[in-house]
Amino acid sequence: MLILLDTANIEDIKKGIEYYPIAGVTTNPTIVSKEKTDFLKLVKDIKNVIGDNRCLHVQALGMKAEDIVEEALYLNKILGENIYIKIPVIPEGIKAMKILHEKGIKITATAVITPQQGLIAAMSGASFIAPYVNRIDNISGNGINVVKEISQLLKIHGLNSKILAASFKNVEQVHKASLAGAQSVTIPLNILENLLYHPLTDSSVDNFIKDWENVYGEGKRTNNL
Ligand code: E4P
C-alpha cells in the first residue's frame, strides 16, 4: 500500500513526510493554484522537500496530444527522478499516453470516472490509474465500486498498472478504497491525520501516563527512574 499526499502546500508536505510513511505527492492544476505562487518554483520546491525516493505526480495541461507530450517531456526533464505526468483520460490524453509510454515517460491517468476509462488508460501505458472516488459519489455514482471494477479489470486482463485512488473527502472512502483493491491512495494531510485519530486511543494514552505517574512520579519515564 502506498500513501501519497494530495497537496502542493509545502508545510503540509513537510509535516506529512516527517510523521507518516509517505510515498509521494500528487498535484493537479486546482491544487497548485491554491498556493498562488510561481508554478515551476513550487514544483521544484516540492521535489526538493520529498527527494528522489518519493514520487511526484504533476499534471500536463494541454488539450491536444502534441501539447501534452511537449509539456510532459519538459516537466520530466526539469524535475528529474521519479516523476509521473498526470494526463486526463480524454481521447487526446490517451493518444499522448501512448506516445509518452513509448518514450519511457511514467504516466498517471487522471480524472478517471468509469472503469472502462481506467482499462483503456492501462492499455495505453499508464503506470497509475486515478479514479476520483468522491467526485463519482457526488454524482450519485459509487466511487468504491469503480475502484473495485478497475481492480478486477486489471487482474482479468493481466495489466500491470496500479490504482492510485484519489478525490477523497472522508476516512471511510479511503478505508473502502484500500479494501477494494487500490494499491495506493492520495489524500490531503487532514484526512491522513483523521485516519489515525480515535478518541479512545487518546484517552487510553492519557490513562497510561496518569497511572504510571501516580506511582513513579510526574515527568518520570522508563529511561529516567
Ligand atoms: C488527485 O491527484 C486528484 O486530482 C485529486 O484527488 C482530486 O481531488 P478533488 O476531487 O478533491 O478535487
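Worth a mention:
- Unique residue being touching a strand residue (DSSP E or B) at 6+ places or on another chain (Cβ under 8 Å) and either among the aliphatic types (A, V, I, L, M) or without any contact (Cβ under 8 Å) to a residue 24 or more places away in the chain (or both) when the list is Ile83, Ile78: Ile83
- Those helices (runs of 4 or more DSSP H) of the stretch 131-225 in which at least 1 residues are closer than 20 Å to Tyr20 by Cβ and out of contact with any helix residue (DSSP H, G or I) (no Cβ under 6 Å at 6 or more places or on another chain), considering only elements entirely within it, cover 171-179, 189-196, 199-216.
- Within the stretch 104-114, one or more residues are more than 15 Å from Asn28 (Cα to Cα), more than 14 Å from the ligand (Cβ to nearest atom) and small (Gly, Ala, Ser).
- Some residue of the stretch 9-20 being more than 13 Å from the ligand (Cβ to nearest atom), acidic (Asp, Glu), in contact with a helix residue (DSSP H, G or I) (Cβ under 6 Å, 6 or more places away or on another chain) and closer than 30 Å to Glu193 by Cα: yes
Table: residues versus (1) in contact with a Ser or Thr (Cβ under 6 Å, 6 or more places away or on another chain); (2) of a type in the set (Lys, Arg); (3) assigned to a loop (DSSP other than H, G, I, E, B).
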site: Ala23; (1), (2), (3): no, no, no
site: Glu35; (1), (2), (3): no, no, yes
site: Leu42; (1), (2), (3): no, no, no
site: Ile46; (1), (2), (3): no, no, no
site: Val49; (1), (2), (3): no, no, no
site: Asp52; (1), (2), (3): no, no, yes
site: His57; (1), (2), (3): yes, no, no
site: Leu61; (1), (2), (3): no, no, yes
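- Candidates Leu164, Leu200, Leu195, filtered to the one that is in contact with a strand residue (DSSP E or B) (Cβ under 9 Å, 6 or more places away or on another chain), away from the ligand (no atom under 15 Å from the Cβ) and among the hydrophobic types (A, V, I, L, M, F, W, C): Leu195
- Every condition in (1) open to solvent by less than 20 Å² (accessible area, probe 1.4 Å); (2) within 11 Å of the ligand (Cβ to nearest atom); (3) within 22 Å of Leu61 (Cα to Cα); (4) not β-branched (Val, Ile, Thr) holds for Gly93 except the one numbered (2).
- Filtered residue count, the stretch 172-187, keeping only those that are under 12 Å from the mean Cα position of the chain (by Cα) and either crowded, with 21+ Cβ neighbours inside 10 Å or over 19 Å from Ala109 (Cα atoms) (or both): 6
The values are calculated or read from the model by the stated rules, or taken from the named source; none is laboratory data. If you're wondering where the values come from, they're calculated on a predicted model, not measured in any experiment. We place every Cβ from the backbone using ideal geometry, glycine too, and count neighbours over all the protein chains shown. Keep in mind that these areas ignore ligands, DNA and RNA; they rest on the heavy atoms of the full protein, side chains included. Shrake-Rupley method; radii C 1.70, N 1.55, O 1.52, S 1.80 Å.
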